[in-house]
Amino acid sequence: MKSVSIILLLTFVLVACGSTTEAPGVVAPDSGFEGVGAAPMVSEEDVPEQELLDPNRIVARVNDEIITVRSIQAEYGDALLTIGEPTDARYRQALERFALDMIIGRLFLQAAERLGVDVTKEDLERMVQDAEEQLKKRDTTLDEDLRSRGVARWEWEEEQRKKLVIQKYFNIALGREGATSPEVRPLVDFYVRPMEVRGYYQRNIKEYHQDEQAKVGAIFVRVADFEQPGVSGPGAQAAAKAYASLLLSRARGGEDFDKLVEEVHGGPLSAFEKPIKRSDQQLDFVRNFIWDARVGEISDLNMTPAGIVILKLEAHHTARILPYDEAKEEISVQIRYLKFSAAQLKVQLSLLKESVVEPAIFKRELKRRFQAQTEEVLDALST
């Protein structure tokens, strides 16, 4: 391989390492296996005599490393359990789809290891601890979970080590960690220039159309909170109404409405966290208030079977094109993500070209996928 430059493994790393930093409004490159067709990628004639789920059956090869059923089960065991009967054709296709994902990871892992990227024992111990904490929520342990899947502890830990190495490779590319070699450097300039942001906004102006919407604050006083031995029904309703009336007086008297919401609920009510569009389905008392009220106005008490609601209209926007100053931060994130994706795909294609991948149909499928995704990303950057 030529001098190695590293960049984001966005599609693979974000999936393999549990990240969810997808830019808003940007569709991540497809990591599925669509487009291959209904038939398995490996024909029946090419399948060895071994049973489909024989742990030692070789599914793929990446340079000098093999991917077996056992290694796929170690990484994707939970997903495989949901596929169906082992004899089902979907099961074979799932093994092949996961093998493709592992091939991508192995290409980056091998490149990282050639540059001496590694992780510490403490790094691995933290990952094991995180896994134990997650499994504890399911009333099991890591050892019990691995045993149920027929995976040895050392095999699982080795897979986690590989994930961590790839993640570290990713962090070095972003400058989050110091480089281990002068060869380790970003492939492209990820700086997003103001003229790029402005151009993207102007080319995609229709995407920034917003329907009429309102931002509403709300306080909900539940009648059930005032029920106690000897006090229920009308008595609890009267107590709740008295408390809500006090809150309404404080709000109209000038107290900060957000602080009153915090006092009652500890934070905004989930139903009112996002702006409400006129086209959204709304309760009658909400619709009647927010579309006729003035910004800053506080509603009367709204009685419901479960309690009493007080509303405040915090903002009201008519249908509009989102101004550039309000859109530019999100656009900058989108462009940076697209640049990262384009660079990642360039490296993937380079590594794939220089590597031995078998069966050959796997290499052809990955090349087709990377090229299609590259066209999609470049198209998004230019439109």
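What follows is calculated from the coordinates using simple rules that are stated; it is not laboratory data. Just so it is clear, the structure is predicted and the values come from calculations on it, not from any experiment. Cβ: placed from backbone, ideal geometry, glycine included. Neighbour counts: every protein chain shown.
Results, tabulated for the structure shown:
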read-out: D_trans [Stokes-Einstein, Kirkwood Rh over alpha-carbon pairs] for region 225-287, 10 °C, 1.306 mPa s, µm² s⁻¹; value: 113 µm²/s
read-out: Along principal axes, Cα extents of region 65-141, largest first, whole Å; value: 41, 37, 14
read-out: Potential lengthening between Val295 and Val128 on full extension [0.36 nm per residue; Cα-Cα distance subtracted]; value: 55.0 nm
read-out: Quotient of C-alpha Rg and 2.2 N^0.38 Å, computed over region 324-372; value: 1.63
read-out: 19 Å Cα-Cα reach of Lys346 towards lysines, excluding residues that sit fewer than 8 places from it in its own chain; value: Lys2, Lys363, Lys367
read-out: Extension gain from Glu329 to Gln228, taking 0.36 nm per residue of separation minus the Cα-Cα distance; value: 31.3 nm
read-out: Inter-label distance, nm, simple model (7 Å from Cα along the C-beta direction), Arg198/Asp258; value: 3.2 nm
read-out: Scaled radius of gyration (Cα, divided by 2.2 N^0.38 Å) that region 183-285 gives; value: 1.84
read-out: Residue-span extension gain [His265 to Val356] - 0.36 nm each, minus C-alpha spacing; value: 26.9 nm
read-out: Translational diffusion coefficient (Stokes-Einstein; Kirkwood radius from C-alpha pairs) of region 241-383 at 10 °C, 1.306 mPa s, in µm²/s; value: 78 µm²/s
read-out: Highest average packing first - 55-65, 191-201, Cβ atoms within 10 Å; value: 55-65, 191-201
read-out: Relative contact order (percent, whole number), region 253-365, Cα cutoff 8 Å, 6+ residue spacing; value: 13 percent
